[in-house]
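Down below is the structure, laid out as structure tokens.
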Amino acid sequence: MTMNVWHYMSGNVNLSNSSMQHGNTFMPKIRVVGVALNSILAFVVVVELMATQLSANKFNQKAINGDEPFDYYYDHHQAMEEKKREDFAVVEPNNELRAVERVDRLSKTVTEFQERLRERVSYFLGYPANHNCDHYLALSTLLQFNINNVGDPFKESDQGTTFKGAIDDLDLVIQTLEDCGFSPDQYYIHCDAAISGFVVPFVKQAPEFTFEKPIGSVSISGHKFLGCPMPCGVLLTRKRYIDMLSRSIEYIATVDTTIAGSRNGHSPIFLWYVLNIKGRKGLEEDVEKCLINARYLRDRLKKAGISSMLNDMSITVVFERPPDSEFIRHWQLQCLGNMAHVVVMPHVTLEMLDCFLYDLVQKRNIWYGKLQPRCLAEDIGICNCACPIHA
């Protein structure tokens, strides 16, 4: 996962004490970590990219004119303010007409930015990057496919369990630490919301993950639920931690707040674009569809006598591992021990699930014959196990 650290916050992480409104442009406060990507992420990432470009242009123009270069930080702040316009905000459409207008607005913005980039290439001298990139246009059709390795490097340290799609009880974790005598300055909690960061905010009665609680950071992926065609994500953390990493890099005229240094400049544009296309309503619809389809798969598996489980607020359905590597490869299943799982993403339809279920049920008759599948009670609980002992 590629994660950038954004630090548009005052004190801890709040951008404001209440939602900021500007016409139909919504900018909800960032304090609710799980909801951070509903709109503010798109605003932050694309403004960072485009405003930095604008700021650098102004800085360079002053140098060209022979003027004294003014303070970069002030210039950067001014550029950020100038870009807090509707062009780079996430606008929630009120109806179908507004949706059409939104696409037109996005196309216009992207075209203008593209023209600006093309202009700047003519003056690109000081940075070690080759701008002869036209030949890559032949690969643009591949962007319609998600061909990433979407594995997680932190298997057992995330907000829940990656494989089973569980969501940890943050309040219980904090209470346990307090009961054991630990103060907030003696521990650090990172919430890995790679997938759930786009699911939990749209689930009723979901727990609130907020920086008002003693957490240090939260990460959300853009290439998973959103389906961005390159690995990307966002790490939100407290300003004091960013200050520890920040350092001014004179020769690139910026303050580097990242660990990796160079990072993909296309990622924020893709995130900004998909959030504008979807809007909050679109994301809510995707989440509702995925939750319904996940419950459908779980219920059909149980009806077929197959051990399976689905955690609350999850789109990951866990079931018995098929004893056939070709079947696993064909359906591109992930497996762990005696378990396999299906992650019901927005592209997964009921038709796909029905085909999978039919194939699975037919193959199980061949695999097991008179034999019985393994007991999964220890893996997914007695109530979810369909073996002869616990059925």
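Relative to the 2.2 N^0.38 Å rule of thumb, the range 112-248 has a C-alpha radius of gyration ratio of 1.42. Within the range 158-231, the proportion of C-alpha pairs whose separation exceeds 17 Å stands at 48%.
With the convex hull drawn around the C-alpha atoms of the range 214-285, the volume per residue stands at 120 Å³. Gain on full extension, evaluated as 0.36 nm per residue between residue 304 and residue 132 minus their Cα-Cα distance, stands at 56.3 nm. Among the chymotrypsin sites (Phe, Trp or Tyr not before Pro) found in the range 174-245, those both in a DSSP coil and sparsely packed, with 16 or fewer other Cβ atoms within 10 Å of their Cβ, are 182, 187, 188.
Can you give the extra length, in nm with one decimal, that the chain gains between residue 254 and residue 363 once fully stretched, where that is 0.36 nm per residue apart less the Cα-Cα distance? 33.4 nm is the gain from fully extending residue 254 to residue 363. The order of 330, 341, 131 by accessible area, most exposed first and with a 1.4 Å probe, is 330, 131, 341. In this structure the amide hydrogen of residue 222, modeled in the peptide plane, comes within under 5 Å of the amide hydrogens of 232, 233, 234, none closer than 5 places in sequence on its chain. Taking all protein chains together and rolling a 1.4 Å probe, residue 234 ends up with roughly 0 Å² accessible. P(r) tail, the range 197-238: Cα-Cα pairs separated by more than 14 Å, 56% of all pairs.
Computed over the range 98-143, the percent of Cα pairs more than 15 Å apart is 64.
Rounded to the nearest 0.05, the FRET efficiency derived from the C-beta distance between residue 243 and residue 330 at R0 = 41 Å is 0.25. Peptides 313-321, 170-178 ordered by packing proxy, namely the average of other Cβ atoms within 10 Å per residue, highest first: 313-321, 170-178.
In the range 295-343, the alpha-carbon atoms span a convex hull of 77 Å³ per residue. In the structure shown, the pairs 164/289; 108/289; 204/302; 204/363; 204/224 are assessed against 27 Å; a Cα-Cα span above that value is assigned to 108/289; 204/363. Accessible area per residue for the range 351-391, computed on protein heavy atoms with a 1.4 Å probe, is 69 Å². Relative to a virtual label point 7 Å from the Cα of residue 148 in the Cα→beta-carbon direction, which members of the range 246-283 show backbone nitrogen distances below 15 Å? Correct set: 263-275.
The values are calculated or read from the model by the stated rules, or taken from the named source; none is laboratory data. Here the structure is a predicted model, which means the values were calculated and not measured. Every residue, glycine among them, receives a Cβ derived from its backbone with ideal geometry; neighbour counts consider all protein chains shown. These accessible areas exclude ligands, DNA and RNA; they are computed on the full protein's heavy atoms, side chains included. Shrake-Rupley method; radii C 1.70, N 1.55, O 1.52, S 1.80 Å.
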